[in-house]
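Below: the structure, in structure tokens.
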Amino acid sequence: MLFDWMSDPTAWLGLATLIVLEIVLGIDNLVFIAILAEKLPEHQRDRARLIGLSLALLMRLGLLASIAWIVTLTAPLFSVFGHSFSGRDLILFFGGAFLLYKATTELHERVEGATHGKSGSAQYASFFQVIAQIVVLDAVFSLDSVITAVGMVDELSIMMTAVIVAMIVMVAASKPLVRFVGRHPTVIVLCLGLLLMIGFSLVAEGLGFHVPKGYLYAAIGFAILIECFNQLAQRNRLRRVSAMGRRERTAHAVLALLGGRRSRRAKQDELDDSVVALPEDDLPVFAPEESTMVERVLEMGARSVDAIMVPRRDMVWLGVRDTSEDVLRKFASGHSRLPLCDGDASNVIGVLHFKDAMQAITQPGALDLVALARPPRFVTDAMPVIRLVEEVRQSREHMLIVVDEHGGCAGLVTPMDILEAVAGDLPEHDADGADSTAQPDGSWLLSGRLSVDEAARLLDAPELRDDFPDDTTLAGCLLRLGGRIPEEGEVLAWREWEFQVSRRSHLRIEQVTARQAARPRH
């Protein structure tokens, strides 16, 4: 009877072994069908996949039904240089050559990016052209599969059962495999490389050189293991990038496109998973000044008013009892507006405009600064700079008084300070060396009033922001680093940098020299 073997345990063992072998042999067929299906529009891929696997099943069942003919394929047909060639050898040789050709052309398209036309839109292959290629590949893989089955068992029903079960498993696994291959381009390249190995082994076997399947499957398994590690590393990189805020990810991507500077510990692997790619020649697309300006704009969202304001100790201010001479002398510093304070700089009661003061001074009578002053506009020192821009736009004020959490004046801010946060320090009439200068020996001459963000950018040391999150100026960082007011000429070490206090005025750090510490030679 056809199914008498069902009572034989050894037949069941042979069936299980054959099913596993058929699945292993069919994976190659399935992978190439998945790759060919990617060349079709998305709505045709499932149909091509099912047609390809169905044709493979029909071919294998038909070949199994023609076992007598298959056996004759191993009989020699002719000899060349003493080597006999059978029909099976010819089919394996030409099938392997076709597999080498298709894998090579597909690999070339994937590596060279030739799958897109000039317009940049995807160029899809014809449905019937893809099906024809699938039919040829099905014939090659089916013959190898059927010959393996014939060599393992004697019962035709066992062979057909194994082929049908293996094909059902492959159909169930085909859609997830196609999706996985479509989402991971590196897996496609790996599969094409494996198909090159399989094609080469088929050609070698057709020429009479036996390649042990164990070697082939060991190489394939090792390559798949390496790719698994690669996919795991890529997933971890994506997870690190996803942990960053959307704004920070976008800023990193934009700065990479602009050719912005990268720190020595640049997170290039994170940028590799960003939404943009650097030009192949890695040359900056924009000028350094443009990149720096965009970088500052993108960083403004994370900065507060206290990072760009003029601190109270540096304010030029008027007292309510100042004389005309005092007013003229203080306005001579070049300012068009000055805060009016009652008692000391912490108590701002108004803002005096230069033109109002000049008109009052030229008029007879006592000078009343309180009456001349305009009401001040207050903002908190914790307000984000982005909100400050909107506040300036709405209020039309050119000087805003910054107050701290205790309600006292912490400083003042003007549109010029916002502009300097984007464009860098601009020359002023009272400039006192606030500019930062690179020295010939590689060191930097920095102002103590330099913001932490600007110092981190100039020194290419983003860790400065992380280590001193509560400080707004370089001088504040050094005070916190030393735990006291450093003496003039004193050197403070931080990470790989040395900061020397070049100039100090009373208790204020005016100028700092920053240089990288010499690394010991090994």
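The values are calculated or read from the model by the stated rules, or taken from the named source; none is laboratory data. On a predicted model such as this, the values are computed, not experimentally measured, just so you know. Backbone-built Cβ (ideal geometry, glycine too); neighbour counts: all protein chains shown.
Looking only at region 452-508, filter to residues that are assigned to a strand (DSSP E or B) and over 22 Å from Gly442 (Cβ atoms); which one of those is nearest to the chain's Cα centre (by Cα)? Outline the logic, then answer.
From region 452-508, those assigned to a strand (DSSP E or B) are 473, 491-494, 497-505, 508; that's our starting set.
Retained after the next criterion (residues that are over 22 Å from Gly442 (Cβ atoms)): 473, 504-505, 508.
Working: Thr473: 31, Arg504: 44, Ser505: 46, Arg508: 42 Å.
The qualifying residue nearest to the chain's Cα centre (by Cα) is Thr473.
Quick check: anything in region 294-301 under 47 Å from the mean Cα position of the chain (by Cα) and surrounded by fewer than 17 Cβ atoms within 10 Å (Cβ to Cβ)? Reasoning before the result, please.
Start the filter on region 294-301 by keeping residues that are under 47 Å from the mean Cα position of the chain (by Cα), which leaves 294-301.
When the remaining residues are screened for being surrounded by fewer than 17 Cβ atoms within 10 Å (Cβ to Cβ), the result is 297, 301.
Yes; the residues of region 294-301 include at least one that is under 47 Å from the mean Cα position of the chain (by Cα) and surrounded by fewer than 17 Cβ atoms within 10 Å (Cβ to Cβ).
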In region 66-88, residues that are at pLDDT 70 or above and more than 19 Å from Phe200 (Cβ to Cβ) total 12
Please verify whether Ile91 is in a helix (DSSP H, G or I), at pLDDT below 80, among the β-branched types (Val, Ile, Thr) and touching a helix residue (DSSP H, G or I) at 6+ places or on another chain (Cβ under 7 Å), treating the condition exactly as stated. yes
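Would you be able to say whether some residue in region 396-404 is at pLDDT below 85 and assigned by TED's automatic domain parsing to the domain that holds Met315? Walk me through it before giving the result.
Taking region 396-404 first, the residues at pLDDT below 85 are 396-397.
Retained after the next criterion (residues that are assigned by TED's automatic domain parsing to the domain that holds Met315): 396-397.
Scanning region 396-404 turns up at least one residue that is at pLDDT below 85 and assigned by TED's automatic domain parsing to the domain that holds Met315.
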When the residues of region 434-449 are filtered to those that are at pLDDT 85 or above and under 14 Å from Glu510 (Cβ atoms), which remaining residue is surrounded by the fewest Cβ atoms within 10 Å (Cβ to Cβ)? Leu445
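Results for (1) in contact (Cβ under 8 Å) with a residue 24 or more places away in the chain; (2) of a type in the set (Phe, Trp, Tyr); (3) farther than 21 Å from Ile349 by Cα, shown as yes or no for each residue.
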site: Leu369; (1), (2), (3): yes, no, no
site: Thr380; (1), (2), (3): yes, no, no
site: Arg387; (1), (2), (3): no, no, yes
site: Glu391; (1), (2), (3): no, no, no
site: His398; (1), (2), (3): yes, no, no
site: Val403; (1), (2), (3): yes, no, no
site: Cys409; (1), (2), (3): yes, no, no
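What are the residues in region 102-149 that are farther than 27 Å from Ile23 by Cβ, at pLDDT 65 or above and not acidic (Asp, Glu), if any? Lay out the reasoning, then the answer.
So the first thing to find is which residues in region 102-149 are farther than 27 Å from Ile23 by Cβ, and the list is 105, 108-109, 111-129.
With the extra rule that they be at pLDDT 65 or above, the set shrinks to 105, 108-109, 111-112, 124-129.
Listed by number, the residues that qualify are Thr105, His108, Val111, Tyr124, Ala125, Ser126, Phe127, Phe128, Gln129.
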Taking region 503-516, which residues are surrounded by 17 or more Cβ atoms within 10 Å (Cβ to Cβ) and among the small types (Gly, Ala, Ser)? Ala514
Of the residues Ala16, Ala37, Ala11, Ala56, only one is of a type in the set (A, V, I, L, M, F, W, C) and modelled with pLDDT under 75; which? Ala11
